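Throughout, read-outs are computed from the coordinates displayed, never taken from laboratory work. Bear in mind the structure is a predicted one, so any value in this text is a computation, not a measurement. Please note: Cβ atoms are built from the backbone with ideal geometry, for glycine as well, and neighbour counts cover all protein chains shown.
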Amino acid sequence: MNLKIINIIIFISIAIVIYSCTRDELFNPNPPVIKTTIGAYILSEGGFSQNSSKLSFYSIPMDTLFQNIFSPGNLGLFSSGMILKDNYLYVLEQGNYGAAGKIYKLDTTGKVLNSAIVGINPYSLAIANNKIYITNGPASYVSVLNQNDFSLIKNINVGAYPQEILSYGNNIYVCNTSIYGGTQDSSVSVIDVNSDLVVSTIWVHKDPSSITLSRDNRILIGCPGSNGMIFIINPATFAKTDSINLIEGFGKDLSVDVQSENVYFISNANNIVRLNLTDKTNITIIQNQNPAVSFFYGYSFDYKNRKHYICDARNFLTNGYFMVVNFDNYLEKNFSTGISPRRIVLKSN
C-alpha cells in the first residue's frame, strides 16, 4: 500500500469517527430523465457531508454524462459496491466506521425500488442462487441476503477484512485484505452457494485487492504493491496454476477483454497496464500524465465499444473526473463527476 493511500486512510478514518450521519438517505428530488441504453454507471463515494455521493450515468449514444441520477445521504467512504443484475442496480452505502450500512435496489434510471440496513461497513457484493453476498470489512464476515426482500439469511465468517468479491458457478470468491494496522491476510475464501459454507481457502500474496474471471473462465486475482502479482486459479480445483510478475506492480481493478487474451488494470505506479495472459507480456498503455494532482481510482475496459474508462479521484476532496480513452489510447472525453469516483459498471443492450 503506497504512502498516499495510507495517508488518505488515516485522514478519512479519523473523520469518520468524528463525523456522525444523523439523517436517512436523501434522494435526488429532481432526477434527470434519461433513457439508459448503453453506457457506464459511475459511483462516486462522496466527501464528509451528507448527500455528496453521486451515481452518474455516461450515455454512449448521447456522449453525455448525467452527473447525479441517485444520491444517498452518506454513501460510503473508501469503495462502496455496485452491481448490475437482471437490469437492476444494487448499490451499497458503507455508513459510519464500525456501524451498519445500507443496500439499495434501483432501476436503471436511478429510482429506488427497495433498501435495507445491512452489515458493518458493507463494501462490495455478488449475486448467486437468488442470494446477495456482501463483504463486511471490519466484521470479517460475508452477509447473505435474500435477493427478493433483503432479509438476512446468515453471516459467514471469512478472513481478515474481506473486500472484493466474485460469483462464478456454485461458488463465491472473497478477497481478504488485512486489517489496517492489525491482522494481516493473504487469502481468498471460497463459499459454496448451496450450503453457504466456506469450502476452501486459497493462499496468494498479502492483501488480494482485485478478482475477476478470464475469458476462458479462470479466476484472476491481483495482489497489490510494487512487487504485486496476478495469480491464476483453476475454479474446478481451487489450485493456483500460474503467477505473473508485473513491470509496474499491481494496484486494482482487473478488467478483461473477451475478444483477446488481454487483461487491463491500474498498476502500482498509477498507470493503466495491458497484460497478455498467453505470453505474460505487460506494458503501460495509458500513462498518468500528472501524478501530483491525478489519481487513477477506478477503471474498466469496455470490450464491446473498445474504450477505456478511468475514474480520476484527484485529491479526494473535490469533484473528480470520468475519462473516456479510445483504443488507440487517446483521451476523448473528460467529465466532472462527484467526489472520489470509484466504481464503474457497464451497461449494454
Calculated FRET value between Ser348 and Val293, using beta carbons and R₀ = 22 Å, to 0.05: 0.10
Whole-Å distance, taken between Cα centres, linking the stretch 120-177 and the stretch 255-330: 27
Within the stretch 50-144, trypsin sites (Lys or Arg not before Pro) in DSSP loop having at most 16 other beta-carbon neighbours inside 10 Å: Lys111
Candidate lysines - alpha carbon under 20 Å from Lys304, same-chain residues fewer than 8 apart omitted: Lys35, Lys85, Lys333, Lys347
Backbone N within the stretch 52-74 under 19 Å of label point (7 Å from Thr37 Cα along the Cβ vector): 57-67
Relative pair counts by distance (%), Cα atoms of the stretch 70-200, 10 Å bins: 14, 48, 32, 7, 0
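Working out 0.36 nm times the residue gap between Ser226 and Ala100, then minus their Cα-Cα distance, what length gain in nm do you get to one decimal?
Numbers: separation 126, 0.36 × 126 = 45.36 nm, distance 3.38 nm.
Length gained, Ser226 through Ala100: 42.0 nm.
Given the alpha-carbon gyration tensor of the stretch 257-349, what are the semi-axes of its equivalent ellipsoid in whole angstrom, ordered largest first, with each equal to the square root of 5 times an eigenvalue? Please list the in-between numbers first.
Numbers: eigenvalues 101, 51, 23 Å².
After diagonalising the Cα gyration tensor, the semi-axes are 22, 16, 11 Å.
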Qualifying chymotrypsin sites (Phe, Trp or Tyr not before Pro) in the stretch 238-319, DSSP loop, other Cβ atoms within 10 Å at most 12: none
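Over the stretch 52-203, what relative contact order in percent results from Cα pairs under 8 Å that are six or more residues apart?
Numbers: 395 pairs, mean separation 18.3, N = 152.
With pairs under 8 Å counted, the relative contact order is 12 percent.
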Trypsin sites (Lys or Arg not before Pro) restricted to the stretch 150-237 and DSSP loop, no more than 15 other C-beta within 10 Å: Arg215
Fully extended contour minus Cα-Cα distance, from Thr284 to Lys111, at 0.36 nm per residue: 58.4 nm
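Multiply the residue separation of Glu261 and Asn234 by 0.36 nm, subtract the distance between their alpha-carbon atoms, and state the gained length in nm to one decimal. Show your work: numbers first, answer last.
Numbers: separation 27, 0.36 × 27 = 9.72 nm, distance 1.67 nm.
Extra length from Glu261 to Asn234 when fully extended: 8.0 nm.
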Calculated Kirkwood radius over Cα pairs in Å (choose from (1) 24.2; (2) 24.9; (3) 20.1), label: (3)
Contact order normalised by residue count of the stretch 3-347, Cα under 8 Å, 6+ apart, percent: 11
